[in-house]
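Everything on this sheet refers to the single structure shown next.
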Amino acid sequence: MKQSVQVLKKRKGIVKVIKDLCKGCGYCIEFCPVKVLEFSHDVNIKGYHYPIVKKGMEDKCIACKICEKYCPDFAIYIEEV
């Protein structure tokens, strides 16, 4: 009897930030399990540094969406690919 093998596809995501909603709390950066986020050097219209994806980490997001869940201002979201 043959057993079926389930192949799990790795989830990937694209980080989207609505920079002018961000208040720079850093929760998304702190709780990202793969540490793909960092603060930008630029500021938004409120004067806060907003999160960006680190250089070279653009394809490392695992679409766990923890950043979305922790963001108190709904300023970050993930598009699954």
*How many residues does region 1-53 contain that are within 17 Å of residue 72 (Cβ to Cβ), not in a strand (DSSP E or B) and not aliphatic (A, V, I, L, M)?*
15
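Kindly provide the set of residues from region 53-66 that are touching a Pro at 6+ places or on another chain (Cβ under 8 Å) and either in contact (Cβ under 8 Å) with a residue 60 or more places away in the chain or not aliphatic (A, V, I, L, M) (or both), ordered by number.
Matches in region 53-66: 64 only.
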*Filter region 1-18 down to residues that are more than 18 Å from residue 57 (Cβ to Cβ) and either modelled with pLDDT of 95 or more or aromatic (Phe, Trp, Tyr) (or both), then give me how many there are.*
1
*Identify all residues within region 27-52 that are touching a Pro at 6+ places or on another chain (Cβ under 9 Å), free of Cβ contacts under 8 Å to residues at least 40 places away in the same chain and not hydrophobic (A, V, I, L, M, F, W, C); write none if there are none.*
38, 40
*asked:* Please go through (1) touching a strand residue (DSSP E or B) at 6+ places or on another chain (Cβ under 7 Å); (2) part of a loop (DSSP other than H, G, I, E, B); (3) surrounded by fewer than 16 Cβ atoms within 10 Å (Cβ to Cβ) for residue 56 and return the number of the only condition it doesn't satisfy.
replied: (1)
*Subset of region 59-81 (residues that are loosely packed, with under 12 Cβ neighbours inside 10 Å, more than 10 Å from the chain's Cα centre (by Cα) and outside any loop (DSSP other than H, G, I, E, B))*: 69, 80
_Return the residues of region 35-53 that are closer than 14 Å to residue 24 by Cβ and either surrounded by 14 or more Cβ atoms within 10 Å (Cβ to Cβ) or basic (Lys, Arg) (or both); say none if nothing qualifies._
37, 38, 39, 40, 43, 44, 46, 48, 49, 50, 51, 52
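The values are calculated or read from the model by the stated rules, or taken from the named source; none is laboratory data. All values reported here derive from a predicted model rather than from experimental measurement. Ideal geometry is used to build each Cβ from the backbone, glycine not excepted, and the neighbour counts take in all protein chains shown.
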